[in-house]
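Student: Got a structure for you, questions after.
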Amino acid sequence: MLYLPPVLILGVLAGIAHVRLLEFPAYRGWWGEYKVNFMLRVCLSGEYKVFANAIYRGKTRGESTQVDHIIVSRYGIFVLETKCFKGKIITYPEAPESWLQIVGRRKYRVQNPLMQNYAHVKAVQKVTGVHSQKIHSYAVMAGQASFTYGMPERVYSIWGVIRKIQSYKAPVFTRGHVVSICRALSERRIKGGYWAARRHVEKLKRRGEDGSITCHEDRPREEHLSPPQQERQQ
């Protein structure tokens, strides 16, 4: 009983700090990936192998690709791109490469995570040598954002993507093949943990400043829309 009051106080302070930190994109992105990683490991059975924040080399020696989550099973390989957006998301079929995010009175253009995940799928395919038909690409929404016109195809909540993964029942790999795929993903993964991820982000920032790639999803580009455009998009 002597320890209960300080524990409660620390719990309240931690909760307040967590809510405040969620205002920062970097922390919000980490929290979203943590939730997805935790739920995947808890809800999927032992026949699913989960790789989180896996970094692999790109086409050239100086390039790298960071994949949020890779799930390997006898039923296929699942590559997930996690987003922790807030506000409202509007998607347009005529412009699938980007989404419109509305937070308060601000409007941002954010890259469609499925487009971003395409490069991740190619990296996994290069490492494993698996045909693309056996690799499934999905985007996971781990934040509080709502979709005005409903979630697009291959975009799911955390629970939704777990159910989708579990819906595959027909084996496409043998157990031995699964072991060899996991070995390849482990051995060719860039080691270094936090610092490897930090270097990867720094490279993205430098390349973004050169205009060679689109900005990272946690740093959306604000849209300055004229009044007629605002009326059409609202």
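The values are calculated or read from the model by the stated rules, or taken from the named source; none is laboratory data. Worth saying up front: this structure is predicted, and the values here are computed from it rather than measured. Positions of Cβ are generated from backbone atoms using ideal geometry, with glycine treated the same way; all protein chains shown enter the neighbour counts.
Student: Is there any pair with a first residue in region 68-83 that is acidic (Asp, Glu) and a second that is in a loop (DSSP other than H, G, I, E, B) and at pLDDT below 95 whose Cβ atoms are under 9 Å apart and which are 6 or more apart or on different chains, and what are they?
Tutor: Glu81/Glu217
Student: Out of curiosity, is Ala170 over 23 Å from Met115 (Cβ atoms) and among the aliphatic types (A, V, I, L, M)?
Tutor: Judged against the criteria, Ala170 is a match.
Student: Cβ contacts < 6 Å: first residue within 9 Å of Ile89 (Cβ to Cβ) and of a type in the set (A, V, I, L, M), restricted to region 147-162; second residue modelled with pLDDT of 90 or more and not in a strand (DSSP E or B), any location; separation 6+ or different chain. Result?
Tutor: Every condition considered, no pair remains.
Student: Sticking with this structure for a sec: Which pairs do you get when a residue that is under 11 Å from Ile158 (Cα atoms), found in region 33-57, comes within reach of a residue that is of a type in the set (D, E, K, R), reach meaning Cβ atoms under 9 angstrom, with the pair 6+ apart or on two chains?
Tutor: If the second residue must be of a type in the set (D, E, K, R), the pairs left are Glu33/Asp68; Val36/Asp68; Asn37/Asp68.
Student: Of all residues in region 65-88 being over 16 Å from the mean Cα position of the chain (by Cα) and part of a strand (DSSP E or B), which is surrounded by the fewest Cβ atoms within 10 Å (Cβ to Cβ)? Walk me through it before giving the result.
Tutor: Filtering region 65-88 down to residues over 16 Å from the mean Cα position of the chain (by Cα) leaves 72-76, 87-88.
Narrowing further to those that are part of a strand (DSSP E or B): 72-73, 76, 88.
Numbers: Val72: 24, Ser73: 21, Gly76: 18, Lys88: 14.
My answer is Lys88.
Student: For Val127, indicate whether it is modelled with pLDDT of 90 or more and touching a Lys or Arg at 6+ places or on another chain (Cβ under 6 Å).
Tutor: yes
Student: Counting residues that are of a type in the set (S, T, N, Q) and modelled with pLDDT of 95 or more, which helices (runs of 4 or more DSSP H) fully inside region 135-234 reach at least 1?
Tutor: Here the list reads 158-166, 175-187.
Student: Among the numbered criteria (1) aliphatic (A, V, I, L, M); (2) at pLDDT 70 or above; (3) farther than 26 Å from Lys164 by Cβ; (4) surrounded by 11 or more Cβ atoms within 10 Å (Cβ to Cβ), which one does Met39 miss?
Tutor: The failed condition is (3).
Student: Looking at region 89-116 only, could you name the residues that are of a type in the set (D, E, K, R) and assigned to a loop (DSSP other than H, G, I, E, B)? Break it down into steps so the answer makes sense when it comes.
Tutor: Let us first name the residues in region 89-116 that are of a type in the set (D, E, K, R), namely 94, 97, 105-107, 109.
Selection gives Glu94, Glu97, Arg105.
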